[in-house]
1. So which residues in segment 134-149 are within 13 Å of the ligand (Cβ to nearest atom) and within 16 Å of the chain's Cα centre (by Cα)?
2. Output the number of the condition that G52 fails; it satisfies all remaining conditions of (1) in contact with a Lys or Arg (Cβ under 9 Å, 6 or more places away or on another chain); (2) surrounded by 23 or more Cβ atoms within 10 Å (Cβ to Cβ).
3. Pairs under 6 Å by beta carbon, first residue without any contact (Cβ under 8 Å) to a residue 60 or more places away in the chain in segment 115-142, partner part of a loop (DSSP other than H, G, I, E, B) and within 15 Å of the ligand (Cβ to nearest atom), six or more apart or different chains?
4. Out of all the residues in segment 120-133, is one or more open to solvent by 40 Å² or more (accessible area, probe 1.4 Å) and either among the aliphatic types (A, V, I, L, M) or away from the ligand (no atom under 13 Å from the Cβ) (or both)?
5. Step by step: first the residues of segment 150-165, then only those that are touching a Phe, Trp or Tyr at 6+ places or on another chain (Cβ under 6 Å) and at negative phi, then the one that is farthest from the ligand (Cβ to nearest atom). Which residue is that?
6. Within segment 27-38, is there a residue that is within 16 Å of the ligand (Cβ to nearest atom) and not in a helix (DSSP H, G or I)?
7. Give A162, A184, A191, A175 a once-over and let me know the one that is under 12 Å from F3 (Cβ atoms), of a type in the set (G, A, S) and surrounded by fewer than 16 Cβ atoms within 10 Å (Cβ to Cβ).
8. Could you go through segment 64-73 and let me know if any residue there is within 21 Å of P185 (Cα to Cα), open to solvent by 10 Å² or more (accessible area, probe 1.4 Å) and not in a loop (DSSP other than H, G, I, E, B).
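The values are calculated or read from the model by the stated rules, or taken from the named source; none is laboratory data. Just so you know, these numbers come straight off a predicted model, no measurement behind them. No Cβ is skipped: glycine too gets one built from the backbone with ideal geometry, and neighbour counts run over all protein chains shown. The protein model used for the area step is the full one, side chains on, heavy atoms only, and it has no ligands, DNA or RNA in it. Shrake-Rupley method; radii C 1.70, N 1.55, O 1.52, S 1.80 Å.
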Amino acid sequence: MKFFVDTAEIDQIKELHALGMVDGVTTNPSLIAKSGRDILEVTKEICDLVDGPVSAEVVALDAETMLAEGRKLAKIADNIAVKVPLTWAGLQTCKALSDDGIMVNVTLCFSANQALLAAKAGATFISPFIGRLDDINLDGLQLIEDIRTIYDNYGFETNILAASIRSANHMSDCAKIGADVATAPPAVIKAMANHILTDKGLAGFMADVKKANIKIL
Ligand code: G3P
């Protein structure tokens, strides 16, 4: 499973990238707003840093303007994936951009039917939001599983990009189900390293290091 990092914070992307943890980056208008940066500038900076796909989201609601925005975003770099919402206008924009050979990430997906439409419209990525489904007592991971089944049944090449990831367990669960990519905030990716038995084991080792005065350097 590929790891995308869901942030527009350059320092956080750099830190994870240095460890080989960043196969791509996703942003959205809320993350751009949080960064306080200009969308075109910060997106360019991220594209220069990361080789993999960098999702940048349109902000218009109608297909014509979305398409113009998507074409402008795509000019930033070859690794841009234009992000469009899963609306009818978004699907129209997806089809037009993918016909032009531009990567498209269809976002705000909450059902298997929506994912089916995105694949038919030529999406490179479909982004089901699992955390937001869990928030309303629906089953986000079940949606990933359903989309995996549907795409595999018919050989759709659209990549399942699990989004709205809230916990380290979400990451391993998505990997078990067979999501192609998971995008997570940097803190969630770092939390994957944590285990209480690792901490406990290390505390025991450190106590013995002190007791026996073990030195390496
Ligand atoms: O990738 C989508 C993500 O940014 C949404 O996450 O936690 O706001 O539902 P969240």
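1. Selection gives G140 alone.
2. Evaluating G52 over (1) in contact with a Lys or Arg (Cβ under 9 Å, 6 or more places away or on another chain); (2) surrounded by 23 or more Cβ atoms within 10 Å (Cβ to Cβ) leaves (2) as the failure.
3. Note: pairs meeting the criteria are F129/S164; I130/S164; G131/S164; G131/R166; R132/S164.
4. The answer is yes; a qualifying residue exists.
5. N159
6. So far as segment 27-38 goes, yes, one or more of its residues are within 16 Å of the ligand (Cβ to nearest atom) and not in a helix (DSSP H, G or I).
7. Unique residue meeting the criteria: A175.
8. no
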